[in-house]
Amino acid sequence: MPNTVPVPRVAVVGAGLGGLAAADALLRAGAAVDVYEQAPALREAGVGMHLGPNGSRILFRRGLEDALRAVAVRPEALEVRTGDGRLLTRRPMGDTWEKQYGAPHLTVLRSDLHALLADRVPSAHIRLGARLTSLAEHDGVVRLRFADGREATADLLVGADGVHSAVRRAVAGRERPVFSGANALRGVVPADRVPALAPDTMYMWVGREARLLVVPVAAGRRFSYVAVLPDTGDPEESWSATGDAREMALAFDGWHDDVTSLVRAAGTPGRWALYDREPLPHWGRGRCTLLGDAAHPMLPHHGQGVGQALEDAVALAHFLDGTPAGLRGYEEFRRPHTTRVQLGSRGGGGQKVRPAAGPAAGGGGGGLDEVVEDLSWVHRYDVEAALVEAAADARPDRPSARP
């Protein structure tokens with residue numbers, strides 16, 4: 001007999017890293033997918049990002065290992081230094097982390113990863129220049145309207161439209177952003193402008209107020225930097241605002257030559273005011289759900305924004321059945337995990353590394369041991385294995401652990 005199960009039609013709003021990963025996973029699961037992107041072209045910021053083992057593991061299983069290794073860097077070590085250049089610790093990564101976690105920690109340009117994911121989604125499934133203005137559910141379908149007058153319908157809607165998600169507003173209403181008290185100035189410099197830095201090493205310089213993280217990207221040809229500076233005001237929440245080169249130069253005035261050389265090479269940085277949101281009690285209603293930054297916007301201190309979106313995409317495709325019940329199953333599976341990561345990112349990561357401590361502090365470089373321990377459970381997490389375990393636990397014939 002012919003298969004009479006209808007193919008679910010899924011609308012994905014947003015063609016960033018999370019949206020493209022979701023589209024790829026849903027297409028592989030047999031869904032009919034349309035991706036709606038408000039920009040006139042597919043693009044992503046050309047700044048660096050971390051891809052922890054939990055994220056690289058997913059992409060390798062999707063056949064992207066060779067392509068990803070060709071554009072990314074697998075750092076061999078992380079060096080933590082004080083502002084005057086004193087080495088606090090050098091922690092091996094490379095093979096050590098890949099063997100420990102079963103996949104590598106990579107640093108990569110967001111634009112390079114975006115291009116790899118875009119190649120996985122045929123252009124026929126992508127609608128550009130489509131800014132969502134309203135959505136409503138009627139008669140078992142979701143109806144979408146866009147600023148240019150276009151309309152569309154779908155069985156399910158996935159909001160992957162980032163921290164300023166229109167779908168999230170429709171689900172949760174307007175929220176007050178939570179400011180971390182810090183701004184990030186960021187950008188990319190050619191590696192030949194900072195020849196003292198090794199192209200296989202991540203660096204962190206820490207001071208009492210400011211800190212600077214520098215990672216190799218683009219197969220070691222460039223370095224991406226993020227300077228985290230305190231801010232007691234109420235800055236604009238923007239992913240793409242322009243920073244002030246004088247502010248960055250003043251913040252690192254008198255620091256080690258390696259730092260000041262990078263600051264001089266940096267030109268005008270981008271500015272990213274570090275906001276997040278409180279975790280939502282639910283990600284959707286009816287035939288709508290959220291994914292990635294739209295579901296759980298988090299501070300960058302754990303380097304897990306993209307990794308969590310990739311995990312979301314895998315889980316969403318697993319629960320896909322064309323019904324609201326499938327979306328609720330996806331949310332119930334993912335929300336406890338992402339909430340823990342999201343809240344852990346507040347004050348986590350490099351924010352815990354203290355400049356006053358030295359190698360005598362257990363070799364940890366003033367809090368680095370705590371940072372690694374904070375993240376080890378995230379890096380070890382295998383979303384596909386967790387899905388298999390959850391399915392086994394839910395089997396009605398599974399023996400009960402209760403007496």
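Could you check how many residues of segment 304-341 are in a loop (DSSP other than H, G, I, E, B) and either surrounded by fewer than 23 Cβ atoms within 10 Å (Cβ to Cβ) or over 14 Å from the mean Cα position of the chain (by Cα) (or both)?
Residues of segment 304-341 that are in a loop (DSSP other than H, G, I, E, B), as a first pass: 304, 320-323.
So of that shortlist, the ones also either surrounded by fewer than 23 Cβ atoms within 10 Å (Cβ to Cβ) or over 14 Å from the mean Cα position of the chain (by Cα) (or both) come out as 320-323.
Final tally of qualifying residues: 4.
Is segment 355-368 home to any residue that is in contact with a His (Cβ under 7 Å, 6 or more places away or on another chain) and either at pLDDT below 95 or not assigned by the TED database to the domain that holds V226 (or both)?
At the first step, the residues of segment 355-368 found to be in contact with a His (Cβ under 7 Å, 6 or more places away or on another chain) are none.
Looking through segment 355-368, none of the residues is in contact with a His (Cβ under 7 Å, 6 or more places away or on another chain) and either at pLDDT below 95 or not assigned by the TED database to the domain that holds V226 (or both).
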Between residues in segment 140-166 that are among the polar types (S, T, N, Q) and residues that are open to solvent by less than 10 Å² (accessible area, probe 1.4 Å), which pairs lie under 6 Å by C-beta distance while being six or more apart or on different chains? S165/G159; S165/A294
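Do you know which residues across segment 327-338 are free of Cβ contacts under 8 Å to residues at least 60 places away in the same chain and either farther than 21 Å from V141 by Cα or touching a Leu at 6+ places or on another chain (Cβ under 9 Å) (or both)?
Y330, E331, E332, F333, R334, R335, P336, H337, T338
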Does any residue of segment 107-127 turn out to be under 30 Å from G173 (Cβ atoms) and open to solvent by 50 Å² or more (accessible area, probe 1.4 Å)? yes
Quick one: which residue in R150, R168 is open to solvent by less than 20 Å² (accessible area, probe 1.4 Å), in the same structural domain as A22 (by the TED database) and basic (K, R)? R168
So A184 passes all but one of these: (1) under 30 Å from P6 (Cα atoms); (2) within 20 Å of the chain's Cα centre (by Cα); (3) of a type outside the set (S, T, Y). Which condition number does it fail? (1)
Filter segment 266-297 down to residues that are surrounded by fewer than 17 Cβ atoms within 10 Å (Cβ to Cβ) and over 30 Å from A22 (Cβ atoms), then give me how many there are. 2
List the number of the failed condition for R221; all other conditions in (1) buried (at least 20 other Cβ atoms within 10 Å of the Cβ); (2) touching a helix residue (DSSP H, G or I) at 6+ places or on another chain (Cβ under 8 Å); (3) of a type in the set (K, R) hold. (1)
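Yes or no, residue by residue, for (1) part of a strand (DSSP E or B); (2) within 20 Å of the chain's Cα centre (by Cα); (3) farther than 30 Å from E137 by Cα; (4) modelled with pLDDT under 95:
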position	(1), (2), (3), (4)
W239	no, yes, yes, yes
M248	no, no, yes, yes
D253	no, no, yes, no
S261	no, no, yes, no
T268	no, no, yes, yes
R271	yes, yes, yes, yes
L274	yes, yes, yes, yes
W283	no, yes, no, no
T289	yes, yes, no, no
Starting from segment 22-39, take each residue that is surrounded by fewer than 22 Cβ atoms within 10 Å (Cβ to Cβ) and list its partners that are of a type in the set (A, V, I, L, M) and part of a helix (DSSP H, G or I), counting only C-beta distances under 6 angstrom and pairs at least six apart or across chains. A29/A317
Looking only at segment 58-85, which residues are outside any strand (DSSP E or B) and either open to solvent by less than 20 Å² (accessible area, probe 1.4 Å) or not assigned by the TED database to the domain that holds V217 (or both)? I58, L59, L64, L68, A72, P75, G83, G85
Would you be able to say whether some residue in segment 239-258 is polar (S, T, N, Q), open to solvent by 20 Å² or more (accessible area, probe 1.4 Å) and closer than 22 Å to S111 by Cβ? yes
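Which residue out of A22, A11 is at pLDDT 95 or above and assigned to a helix (DSSP H, G or I)? Spell out how you get there, then give the answer.
Values: A11 fails: assigned to a helix (DSSP H, G or I).
When all the criteria are applied, what remains is A22.
The values are calculated or read from the model by the stated rules, or taken from the named source; none is laboratory data. Everything quoted here is computed from the prediction, not taken from an experiment. All Cβ positions, even for glycine, are placed from backbone atoms using ideal geometry, and neighbour counts span all protein chains on display. The accessibility values were calculated without ligands, DNA or RNA, using every heavy atom of the protein model including side chains. Shrake-Rupley method; radii C 1.70, N 1.55, O 1.52, S 1.80 Å.
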